[in-house]
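As structure tokens, the structure follows; a few thoughts come after it.
The values are calculated or read from the model by the stated rules, or taken from the named source; none is laboratory data. Just so you know, these numbers come straight off a predicted model, no measurement behind them. Heads up, the Cβs are rebuilt from the backbone with ideal geometry, glycines too, and the neighbour counts pull from every protein chain shown. Side chains included, ligands, DNA and RNA excluded: accessible areas come from the protein's heavy atoms. Shrake-Rupley method; radii C 1.70, N 1.55, O 1.52, S 1.80 Å.
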Amino acid sequence: MIDNRQTPHCRVRAVPIADVTMLGGFWKPRMEANRLRGIPRLLQLLEEHGIVDNFRRVSGRKDVPRRGPLFTDSDLYKWMEAASYVLQSSNDADLDSTLDRLICDVVAAQGPDGYLNTYFVDERASERYTDFAHNHEFYCAGHLIQAAIAHYRATGKRRLLDCALRLADHLTSTFGPGKRHGFSGHPELEMAMVELYRCTRRTEYLEFARYLLDQLGFSSRTAFQGHAVRAGYACCGAADYFSETGDAPTWSALEKLWSDMAEHKVYITGGLGSRYEGESLGEPYELPNLRAYSETCAAVANAMWNWRMLAITGECRYADMLERVLYNGFLSGVSLSGETYFYINPLESSGPGEPWKGERSHERKEWYTTTCCPPNVQRTIASLPGYIYGVADDEVWIHLYQPSRLKHRLGSGTIVLEQETRYPWYGEVKLHVRKAPSGRLGIVFRVPGWTDACRASLNGRRIPNPKPGTYCTIERRWAPGDRISTSFDIPVRLVEAHPRVREDFCCCAICRGPLVFCVESVDNPGIVVQDLFLPPRPAFRFQYRPRLLGGIGTIRFNALVADQKVPLYSTRGSRNIHLKPASILAIPYYAWANRGPSSMLVWLPRADCLLPRT
Ligand SMILES: [Zn+2]
């Protein structure tokens, strides 16, 4: 989470996590699952797999072999960052002391020169800084710095921050213009260095971020390509750097890269990464479904990037993308229990027992050899209260709709604002002013781009024409008891992809509000989901079901099931495919794969394409 309260090139500033209280709703149960189950369990696993012992080994506290791939330090750091965000929103003495204990282990592993990495020590010390493309030393350093800042902001304790500063000083004194050259094989250190500058106001860290971005050739990038997480993290670092400096070439590159991402390369779920090869982005419109890679960490990167673009510009399209990622391609990365995770988030699964059995059954796991995604999910969920609101001079912004209370001190006094809503299942939101500063204040609320129409009123009096895809501002002197009511039309929508997305050609995805829906075999027994077709005029019935999958909205619709016993290739007009009507249930995409192995489909083909009129 960033603290851009003193950042010059910034339209909307973040509010501290501690200023937001979640009052039930969609995300609070997920935050609770994260805090009570996911975070404690992952620490057990980090211990069981020797990831914490790797630090104790370096300090001599334990005589054990080093375990895990060379980037595992970052997994513990991300866990520590997640735990620190939990401490920013709640008092948890046990978690506080667990962090203190782990911090002792981390700090004890630091070398006298500030170097800290549990892999390149002893017999591998000579390999330090020899392979920037693969060795992840800068990446791990970045995650340590982010964890340290989060811990310092949560507790005021400096021990981990001082450790991070020693490492940062080691890096800035070793690398840079006129010194040794190094680069981020996996970007991450860029955003950490900008945040360290924000935390300390020491300009050498900001300059070092500039150096790292220059080493990547960031400002000359024109295409969003390569490893999806790395490409996304580089953009996050660049956006942070721009927001502090106003560097025009950096902004120009960011705009080009964002357009390339949003117009050509992002899944409807907000996921990024079309190829298993190199975990990478594909060509424009290359968006396979069964073989989507869409790593959970890439969704986190996309969320962080859009959050930064939103802060810089105040433009709704970035909030729309942030929301799309959070409710779909990010949230699919974690089970409803909060304890198992996807690394890869496909938009189709053939599951077991299906005609093409060769494909894997896709289920979440609690641990991966490369376990980058689980702690990345955890730090994102733990920091969610910080994404809901924003502030500017004499303005309070509402980016995301969730039952919550903001209590924040502005220059002119304290604002207390409460949101009441059943979003994302229903489109009504009430904003109650509980306390307001004495002067004029703008309340700026988002009208999501996915809605066709929004009605809004202030204390019962209608506000004219809030436009979808924009922020709507009401500026006045506020008094306790004032209320803004908004209602976004939230129909079921059939969404089509650009015709050049060949995999989705002649297909539609079922969407409602910010959610993408899918058809999962568990809900539709006896039907192979890959045989489903949409009739010309499907009828949709939305229903909120409190006892299904932790409480979800479902969509029932009439579909056609094809008997596709035809040859692989037939002369056009010669084959005979029978279609039978069926009643089908769709669930939100994020909720799939929570009931054992299954098959699943997001993009449904249209029957009129199967049987074209001649
Ligand atoms: Zn990952």
Which one is surrounded by the fewest Cβ atoms within 10 Å (Cβ to Cβ) among residues in the range 454-471 that are under 32 Å from the mean Cα position of the chain (by Cα) and at pLDDT below 95?
-> ASN465
Search result, residues across the range 404-449 that are open to solvent by less than 30 Å² (accessible area, probe 1.4 Å), under 29 Å from ILE268 (Cα atoms) and not in a strand (DSSP E or B) = TYR423, PRO424, TRP425, GLY427, PRO448
Is there a residue in the range 28-37 that is open to solvent by less than 20 Å² (accessible area, probe 1.4 Å) and farther than 27 Å from ALA133 by Cα?
-> yes
Within the range 79-137, track down each residue that is touching a Pro at 6+ places or on another chain (Cβ under 9 Å), assigned to a loop (DSSP other than H, G, I, E, B) and either modelled with pLDDT under 95 or under 28 Å from TYR387 (Cβ atoms) (or both).
-> HIS136
Which condition number does THR370 fail, the rest of (1) touching a Phe, Trp or Tyr at 6+ places or on another chain (Cβ under 9 Å); (2) more than 16 Å from the ligand (Cβ to nearest atom); (3) among the polar types (S, T, N, Q) being met?
-> (2)
Answer yes or no as to whether ALA253 is over 22 Å from ALA509 (Cβ atoms), more than 16 Å from the ligand (Cβ to nearest atom) and free of Cβ contacts under 8 Å to residues at least 24 places away in the same chain.
-> no
Which one of these is free of Cβ contacts under 8 Å to residues at least 60 places away in the same chain, among the aliphatic types (A, V, I, L, M) and more than 24 Å from CYS297 (Cα to Cα): LEU213, LEU161, LEU196, LEU189?
-> LEU161
Quick check: anything in the range 518-531 over 25 Å from PRO491 (Cβ atoms), without any contact (Cβ under 8 Å) to a residue 24 or more places away in the chain and either assigned to a strand (DSSP E or B) or open to solvent by 20 Å² or more (accessible area, probe 1.4 Å) (or both)?
-> yes
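Residues checked against (1) charged (D, E, K, R); (2) open to solvent by less than 20 Å² (accessible area, probe 1.4 Å); (3) within 16 Å of the ligand (Cβ to nearest atom); (4) over 29 Å from GLY351 (Cα atoms):
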position	(1), (2), (3), (4)
PRO374	no, yes, yes, no
GLN378	no, yes, yes, no
ILE381	no, yes, yes, no
GLU395	yes, no, no, yes
GLN402	no, yes, no, yes
Members of the range 168-217 that are under 23 Å from ASN4 (Cα atoms) and among the aliphatic types (A, V, I, L, M) | ALA168, LEU189, MET191, ALA192, MET193, VAL194, LEU196, LEU206, ALA209, LEU212, LEU213
Selection count, the range 480-507, where residues are open to solvent by less than 20 Å² (accessible area, probe 1.4 Å), under 11 Å from LEU604 (Cα atoms) and either assigned to a loop (DSSP other than H, G, I, E, B) or without any contact (Cβ under 8 Å) to a residue 40 or more places away in the chain (or both) = 0
Single match in ARG198, ARG180 (criterion: out of contact with any strand residue (DSSP E or B) (no Cβ under 9 Å at 6 or more places or on another chain), under 27 Å from ALA82 (Cβ atoms) and open to solvent by 10 Å² or more (accessible area, probe 1.4 Å)) | ARG198
